[in-house]
1. When Ser198 is evaluated against the numbered criteria (1) free of Cβ contacts under 8 Å to residues at least 24 places away in the same chain; (2) of a type outside the set (Val, Ile, Thr); (3) touching an Asp or Glu at 6+ places or on another chain (Cβ under 8 Å), which criterion, by number, is the only one it fails?
2. Among the listed residues Ala177, Ala183, identify the single one that is within 25 Å of Leu131 (Cα to Cα), among the small types (Gly, Ala, Ser), in the same structural domain as Leu102 (by TED's automatic domain parsing) and buried (at least 20 other Cβ atoms within 10 Å of the Cβ).
3. Inspect the range 189-204 for any residue being among the aromatic types (Phe, Trp, Tyr), part of a loop (DSSP other than H, G, I, E, B) and in the same structural domain as Ala128 (by TED's automatic domain parsing) and give the result as yes or no.
4. Those residues that are in contact with a helix residue (DSSP H, G or I) (Cβ under 6 Å, 6 or more places away or on another chain) and modelled with pLDDT of 85 or more, I need them from the range 133-150; list them, please.
5. Looking at (1) assigned to a loop (DSSP other than H, G, I, E, B); (2) closer than 30 Å to Leu217 by Cα, which one does Ala108 not meet, given that it meets all the others?
6. Could you tell me how many of the residues in the range 30-57 are part of a loop (DSSP other than H, G, I, E, B) and of a type in the set (D, E, K, R)?
7. Quick check, is Asp93 of a type in the set (D, E, K, R) and modelled with pLDDT of 90 or more?
8. Mind counting the residues in the range 151-166 that are touching a helix residue (DSSP H, G or I) at 6+ places or on another chain (Cβ under 9 Å) and modelled with pLDDT of 80 or more?
Amino acid sequence: MATWGCMDVPKMKEKDNKLVNARKPTQERSRERVERMFQAAEKLLLEQGPESLSIPEVAKTSGLPRSSVYQFFPSKYALLLAISDQYEQKLVDRIAGLDAVLGNLALADVMGSLARTAADFYNEHPIACILILGGPMSRDGFRAGEDSRMGTVNSIRYLIERRMSGVEFPTEPDVIAFAIEIARGCFKYGYFREKTISDQTVAETRTATYGYLSTRLRVSKPATID
């Protein structure tokens, strides 16, 4: 078995990927129903954690038939991934907002601002902590959320490279993606240990991500990295 945080997730064959793929609503009534499902699932996640969440419980809490929930989410893993994707997009939007307020900063300061912004987001949204920081550890679950993660990667790459003229980071391997996983590892440790992402965790995250990226950047013309 693979895990979602401490929740068991079935290890699926390639042909079973449909278990983690949600169907998107196309009509207003369907979108309203899916939103009710999300609200019910989030309520249950906060009360019970992901281990006890089930489609029947989501249906009961939302006041919708089970068949309506299964119509869009063939398993609870598909539902959790859909909610996780929503929060991933909210995080991307929060990070993108930094572009208007940050000046030309050294890499260490950029990583500090990113760590602070992401920590504030996670502390405001415990569901994001549960689903993103404690996210899927099966290959299928990981691949199903890849598009959302790449949105975060591209947003951070754009932000850093705009701050630091003449600097770029390798994409093969994608060192920004590795840096994000380093940051999430720090956040996960802090959150599940202290139930919050503390200032100390933010500082350690800044140190860890800066330490990694400062060895991986490529400079095409002089730039400040300290």
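1. The number of the failed condition is (3).
2. Numbers: Ala177 fails: buried (at least 20 other Cβ atoms within 10 Å of the Cβ).
That would be Ala183, the only listed residue that is within 25 Å of Leu131 (Cα to Cα), among the small types (Gly, Ala, Ser), in the same structural domain as Leu102 (by TED's automatic domain parsing) and buried (at least 20 other Cβ atoms within 10 Å of the Cβ).
3. No: zero hits.
4. Leu133 - this is the single residue of the range 133-150 that is in contact with a helix residue (DSSP H, G or I) (Cβ under 6 Å, 6 or more places away or on another chain) and modelled with pLDDT of 85 or more.
5. With respect to (1) assigned to a loop (DSSP other than H, G, I, E, B); (2) closer than 30 Å to Leu217 by Cα, Ala108 is out only on (1).
6. So the first thing to find is which residues in the range 30-57 are part of a loop (DSSP other than H, G, I, E, B), and the list is 49-54.
Pick out the ones that are also of a type in the set (D, E, K, R) and you get 51.
Residues in the range 30-57 being part of a loop (DSSP other than H, G, I, E, B) and of a type in the set (D, E, K, R): 1 in total.
7. For Asp93, the condition - of a type in the set (D, E, K, R) and modelled with pLDDT of 90 or more - is met.
8. From the range 151-166, those touching a helix residue (DSSP H, G or I) at 6+ places or on another chain (Cβ under 9 Å) are 151-160, 162-164; that's our starting set.
Still in the running and modelled with pLDDT of 80 or more: 151-160, 162.
Result for the range 151-166: 11.
The values are calculated or read from the model by the stated rules, or taken from the named source; none is laboratory data. These numbers were taken from a predicted model, which means no experiment stands behind them. In this analysis, Cβ positions are derived from the backbone assuming ideal geometry, glycine residues included, and neighbour counts consider all displayed protein chains.
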